[in-house]
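Take a look at the structure below.
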Amino acid sequence: MLAQLRVTNFALIADLDVVFKPGMDVILGQTGAGKTLLVEAIGLLSGKRAEFDKLKDETKKALVEGTFVFTDQFISEHEELVPYLEDKTMVVTRTLLPSKAAIARINGENVSLSKLKELMDSIIDIHSQRDSLLLYQEQSHLALLDALVSLAGQKQALVSFKEAYVAYQEAKKAIEDFKKDNNLAEKDYLSFQVQELEKASIKPHEIEDLESELEALSGFEKAEKAYKDLMEALGEEEEEGSLEERLSSSLRSLEGFFGTSLEEEAKRTQGSINELQEALNGLKESFNGLSASPERLEELNSRLFELSSFQRKYGKSTAEILSAYDSFKKRLENLENYDEEEKELEKKAEKALDELTLKGKSLTLERQKEAKKLTGMVNEELASLGLKDGGFKAEVIKGELTEKGFDKALFTIAMNEGGRFLPLKEAISGGENSRLTLALKAVFNKLTPYDTLIFDEIDTGISGNIAAKAAEKMHELASSSLVLAISHLPQVAARADNCYFVYKETFNGETTSHLKELSPKEGEEEIARLISGSDLTKEALKAAKALKASFH
């Protein structure tokens, strides 16, 4: 239970430190005194997001600290708490800093807000007037039924359906992606491209080889002119072999220098003439080896022109063109197998849908079982709260497929004998809503008790004997949980085990809220004020004592 609550610098609360006692604790006080601020502060402990406009003094931090003491039974049912306990105790702290940062701690150790909320979801249940509106929303009905399915040990039915739903969605997406990636309209285009490339019979490195050969042949005319000019300069055009003969004659003439002082120079000259002859012979052979076939040049240019259209489409190199061909061919092959692959994917989707339908039927059966149980349990609670016995009905009806199943849950109620069952939003009034909410809380708290239940004016719209029944129901809940109830009803205050009073004081122009525990006598006086309106009369005090006595 929430054994102690400390709040500082939070809205109207400057410094508050209160110890709660087991049972049903009722918090009283005039409207605007700060009762709801206590609920908001406890909400921070349960993991709700911080609102920094609640800093009373914006230059100082705000602190909310709750000390929880758990029973052995509660700990055994919530083993996830064990790592965070110190001798069955857990201290939860929320700190709001002027810098707009918030810190969450458990026993002095920082924890994330998501981890705090995860732990506190099974510890604190806060019900406000706004929460009553959830009963009107049909999506909350299915969530309540699924909570019962889990409590009944059939959580796997929910998990299995979710897994089957994900598998089915993935199978459908695979078909969509396949159709998107395999557009049949492009089949003809790909076929034309492949045929065109195959007809071209492009060989590896062909473009590069052709360009290299063309470059070599394109220099022939220039080489031919240079060769003719050289032959003319050497006198080759005038007399066949004249240059070679003159060089041979020169070699013989140089032998005349042998045996003289110029012999060495003559021999070097002979060597140079020999090298010249060899170089000229090599040049002649190379020139005579060149081909200047116009047909070959035309053939090269024609082929390169043919390939240039592919270069414009797919890339300059032969490798890029052939890579495009391979890609087109593979894509075309995939399209050729389109029907077969589509049928295979559709079979998988059908199989996934069959599995999903099977899991959905199992889940529907579990929900129907729990809806029947919930109907009986809520009607039992409603009867104890003065509503028509058998007036509540929880149904599972067919809905659109979602990740939660094929079902919709609908809570209906017939408030009068012989009346039609209508959806809650059409049939239920404010006071009836309070009792229905209280009945549902009683049902779920019996199945899995919270450590601390907080009711923020859940008794709105009821009075008299019905208010007494609601008070009795809250007290019944207090047998397994600490109940903190904010109320303006004397019946609820009279049934309390402990009463607390919230009030405001103004000092030096500053208003602050305070909380104090009421003694039995002070409690009776406050109940008397609730009965009489504001004046404390003998008649009101007598009525307060009688009201308290009626519960014992």
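All of the numbers you see were taken from the coordinates with simple rules; none came from a lab. Because the structure is predicted, anything quoted here is derived from the model rather than measured. Backbone-built Cβ (ideal geometry, glycine too); neighbour counts: all protein chains shown.
With an 8 Å Cα cut-off and a minimum separation of 6 or more residues, compute the relative contact order for the chain in percent. Before the final figure, lay out each step's value.
Details: 742 pairs, mean separation 123.0, N = 552.
Here the relative contact order equals 22 percent.
Assigning unit charges at the beta carbon (Lys, Arg +1; Asp, Glu -1) and nothing else, what dipole magnitude in debye, to the nearest 20, does the chain show about its Cα centre? Numbers along the way, then the final one.
On the way: 72 positive and 100 negative charges, 1176 e Å.
Rounded to the nearest 20 debye, it is 5640 debye.
About the centre of its Cα atoms, segment 397-552 shows a dipole size close to 460 debye [charges on the beta carbon of Lys, Arg (+1) and Asp, Glu (-1) only; nearest 20 debye]. Close amide H contacts of G23 (hydrogens built in the peptide plane, cut-off under 5 Å, sequence separation of 5 or more or a different chain): V483. Note on K473: lysines with a C-alpha under 22 Å away, same-chain residues under 8 apart excluded, are K21, K35, K373, K388, K393, K441, K446, K545, K548.
Here, segment 419-552 has an Rg and a Dmax of 16.9, 60 Å when only alpha carbons are counted.
Amide H contacts of L401: none lie under 5 Å away among residues 5 or more positions distant or on a separate chain (H built 1.01 Å from N in the peptide plane; Pro and chain starts excluded).
Which whole number in µm²/s is D for segment 137-232 by Stokes-Einstein, with the Kirkwood Rh taken over Cα pairs at 37 °C and 0.692 mPa s? Please report the intermediate quantities before stating the final value.
On the way: Rh = 21.6 Å.
For these conditions, the coefficient is 152 µm²/s.
Over the chain, the pair-distance histogram of Cα-Cα distances with 10 Å bins from zero comes to 3, 12, 15, 14, 10, 6, 6, 6, 5, 5, 5, 5, 4, 3, 1, 0, 0 percent, rounded to whole numbers.
In segment 186-336, what is the volume of the convex hull around the alpha carbon atoms, normalised per residue and reported in Å³?
Details: hull volume 21.1 nm³, N = 151.
Cα-based convex hull of segment 186-336, divided per residue, equals 140 Å³.
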